[in-house]
Each structure stands twice: as structure tokens, then as C-alpha cells.
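Undergrad: Supplied in C-alpha cells, the structure appears directly below.
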Amino acid sequence: MQFMSADEKAALERKREELYQLKVDVQERIRKAAAMGDLSENAEYHFAKEENRAVERQIADLESKLRNAAIVSNDDVPEDVVFLGHTVKLLDLSDDTEQLVRLVGEAVPPSADSDILPVSASSPMGDALMKARVGETIRVKAPRGTMEFKILEIVE
């Protein structure tokens with residue numbers, strides 16, 4: 001079972017709707033390409049068929065994630081406790097740099113236009129952050145050794 005916040009679920013549902021619309025567009029391109037005749041040498045037809053298979057795989061993956069998702073609420077969590085969906089400002093004690101991380105139920109690639117690093121709750125960093133309090137120092141066991149971070153604040 002995959003844990004996620006209500007915002008994460010809504011984002012997955014939006015992505016699923018986008019993929020359904022893309023699938024309709026791709027299937028229309030398949031119909032137009034098929035109407036051109038000989039399919040054996042029709043590159044546009046073969047490309048559209050491959051794109052359709054890729055979209056269907058993505059839809060199936062999203063459907064599975066949504067079906068197996070457990071939505072958690074942070075309504076009853078104290079204000080100074082880190083929980084799923086929170087964005088936290090951390091101080092790396094090894095070099096005194098600050099960074100923003102968002103504790104997510106499912107690891108997602110960081111957005112190019114965002115300074116916030118998504119951290120899966122099931123990762124070593126996410127495990128250390130979950131239910132930690134503002135002001136605490138957490139220790140994260142990583143392949144390169146144990147790292148220490150001080151939780152400065154919960155931003156969102």
C-alpha cells in the first residue's frame with residue numbers, strides 16, 4: 001500500500017485525465033494514418049501505435065497507484081511535527097547549507113522550476129523526518145555515511 005497526501009492524489013488524478021485526453025488525440029492520429037493506406041511502410045501509423053502503447057502503460061501505472069493508495073491527513077498533527085505533505089527547511093550540519101524538502105508519499109522527480117526537493121517517506125531521509133519536531137537534529141544513514149540535519153521550520 002502506498003501512502004500519499006490528498007494533494008498528491010489530486011495531482012495523480014489530474015495527470016490521469018491529461019493522459020486520457022492524450023490517448024484520445026493519439027488514437028485520432030492512428031485513425032488518420034491508417035486511412036492513408038499501406039500500413040506496412042506508414043511510419044506515422046507505427047509511431048502513433050507505439051505512443052498509444054506508452055500512454056496506456058502510464059495510465060495503467062497511475063490507475064494501480066490510485067487503487068492501492070492510502071490517503072493520509074495531517075489535520076490532527078501538531079504544528080511543529082513533520083508529516084507527509086509538509087515542506088521543511090533543513091540545515092545540513094556538515095556544511096551549514098540550508099535546503100527545502102517536501103515529504104511525499106511517492107518519490108517524484110524534482111521540478112526544474114522548484115527549489116524544493118521531494119523526499120519519499122519510505123526513504124532514509126523521509127523515515128528520519130517523519131514525526132520529527134522543529135528544532136530537532138535528525139540523522140540519516142546514507143551510502144556515504146551518516147548525515148545530520150537540523151529541522152529549522154515547517155514552511156508549508
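The values are calculated or read from the model by the stated rules, or taken from the named source; none is laboratory data. Bear in mind that the values here come from a model prediction, so they are computed numbers and not experimental data. All Cβ positions, even for glycine, are placed from backbone atoms using ideal geometry, and neighbour counts span all protein chains on display.
Undergrad: For the list (1) free of Cβ contacts under 8 Å to residues at least 60 places away in the same chain; (2) under 25 Å from GLN2 (Cα atoms); (3) touching a strand residue (DSSP E or B) at 6+ places or on another chain (Cβ under 9 Å), I need the number of the one condition that VAL88 fails.
TA: Tallying (1) free of Cβ contacts under 8 Å to residues at least 60 places away in the same chain; (2) under 25 Å from GLN2 (Cα atoms); (3) touching a strand residue (DSSP E or B) at 6+ places or on another chain (Cβ under 9 Å), VAL88 fails exactly one: (1).
Undergrad: May I ask you to verify whether LEU19 is at pLDDT 90 or above and not basic (Lys, Arg)?
TA: Here the answer is yes, as LEU19 does meet what is asked.
Undergrad: I need the full set of residues from region 14-67 which are in a helix (DSSP H, G or I), more than 30 Å from VAL104 (Cβ to Cβ) and hydroxyl-bearing (Ser, Thr, Tyr), in order please.
TA: TYR45 - this is the single residue of region 14-67 that is in a helix (DSSP H, G or I), more than 30 Å from VAL104 (Cβ to Cβ) and hydroxyl-bearing (Ser, Thr, Tyr).
Undergrad: Still on this structure: Looking only at residues in region 39-70 that are touching a residue at least 40 places away in the same chain (Cβ under 8 Å) and loosely packed, with under 14 Cβ neighbours inside 10 Å, which one is farthest from ASP127 (Cα to Cα)?
TA: Only one residue fits best here, namely GLU63.
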